[in-house]
1. If S159 satisfies all but one of (1) open to solvent by 50 Å² or more (accessible area, probe 1.4 Å); (2) touching a strand residue (DSSP E or B) at 6+ places or on another chain (Cβ under 9 Å), what's the number of the condition it fails?
2. Are any residues in region 170-218 open to solvent by 60 Å² or more (accessible area, probe 1.4 Å) and out of contact with any helix residue (DSSP H, G or I) (no Cβ under 6 Å at 6 or more places or on another chain), and if so, which ones?
3. I'd like the full set of residues that are part of a helix (DSSP H, G or I) and surrounded by fewer than 17 Cβ atoms within 10 Å (Cβ to Cβ), limited to region 96-138.
4. For region 139-155, does any single residue satisfy the condition of being modelled with pLDDT under 95 and buried (at least 20 other Cβ atoms within 10 Å of the Cβ)?
5. Which of (1) out of contact with any His (no Cβ under 7 Å at 6 or more places or on another chain); (2) in contact (Cβ under 8 Å) with a residue 40 or more places away in the chain is the odd one out, the single condition D116 does not satisfy?
Amino acid sequence: MIENQTSSAAAGNLILACLVTGIYDVNRSTTLEEDDYEVVRAWADSLAKAGVKGILFHNGFSEETCQKYTNESLSFVRIIPDPRFNPNIFRYLVYLDYLEKLANPPAHIFVTDVSDVTLVNNPFTDPLFTQSPNTLFCGDEPTQLANEWMDAHASSLRSQIDDYADYEARFASETLLNCGIIGGHYPIFFDFLQQLTAIHRRYNSENKTAYTGDMGAFNYLARTKFNDRLRHGFPVNTVFKAYEATRSDCWFRHK
């Protein structure tokens, strides 16, 4: 999964992202080209501007590109994709694999999308974050869980998980959470990540639908197991797909 991991320790605060190229991405309806740094430049530049350390897991950047753009804020780790999982699902397995091997895991962590998320303000210094060790922070969207896209997206999970339809009915009018931004203090994040990867390994390895299942599994787990410990929306993220390019009061900008 991870081609080679030499680090035995991680920074106190860390943001992880993953870019898998050369494999068809059903969310983007395309196959991303290899060694195209422009896809991640805005994300990487935003971390450097804020002085936050990030790791980019990838399977397609050349050694020359990695050497050129590695700096105090950005490290590259090469991975080997698992064909059983689409890129959106595989990233969580990568994160878990990496974190499980660390002798000294980070104190605080976020994982984000890499092509449409940028860091606006350092969340790790915000009192809301520092004083909320038991909170799982995540993105959201200006719609409710019960919508046409999510109904189709979750078809595979609904057919396999016994209480999935009950969860959908129970939380139908709640805000749709977005897995493009997930983070918190390490213990709660790692607990969530372990449970999320377990769902994907069991129910998403043979997903043959036109949908990844990532949003379905994420919302299901967050709402059924972490609902009383969630914080989403302001100040975590800007309004999804509102393209609020000048907004500066949130931690992350998501499109």
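The values are calculated or read from the model by the stated rules, or taken from the named source; none is laboratory data. Bear in mind the structure is a predicted one, so any value in this text is a computation, not a measurement. Because the Cβ atoms are built from the backbone with ideal geometry, glycine has one as well, and the counts that use them run over all protein chains shown. Calculation scope for accessible area: heavy atoms of the full protein, side chains included, ligands and nucleic acids excluded. Shrake-Rupley method; radii C 1.70, N 1.55, O 1.52, S 1.80 Å.
1. Of the numbered conditions (1) open to solvent by 50 Å² or more (accessible area, probe 1.4 Å); (2) touching a strand residue (DSSP E or B) at 6+ places or on another chain (Cβ under 9 Å), the odd one out for S159 is (2).
2. To start, the set of residues in region 170-218 that are open to solvent by 60 Å² or more (accessible area, probe 1.4 Å) comprises 170, 173-174, 187, 194, 201-202, 206, 208, 210-211.
Residues satisfying the conditions are R170, S173, E174, P187, Q194, R201, R202, E206, K208, A210.
3. The answer is D97, E100, T125, P127, L128, T130.
4. So far as region 139-155 goes, yes, one or more of its residues are modelled with pLDDT under 95 and buried (at least 20 other Cβ atoms within 10 Å of the Cβ).
5. Condition (1) is where D116 drops out.
Each row is one residue, and each column tells you yes or no for (1) part of a helix (DSSP H, G or I); (2) hydrophobic (A, V, I, L, M, F, W, C).
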site	(1), (2)
A210	no, yes
G216	yes, no
L221	yes, yes
D228	yes, no
R231	no, no
F234	no, yes
A245	no, yes
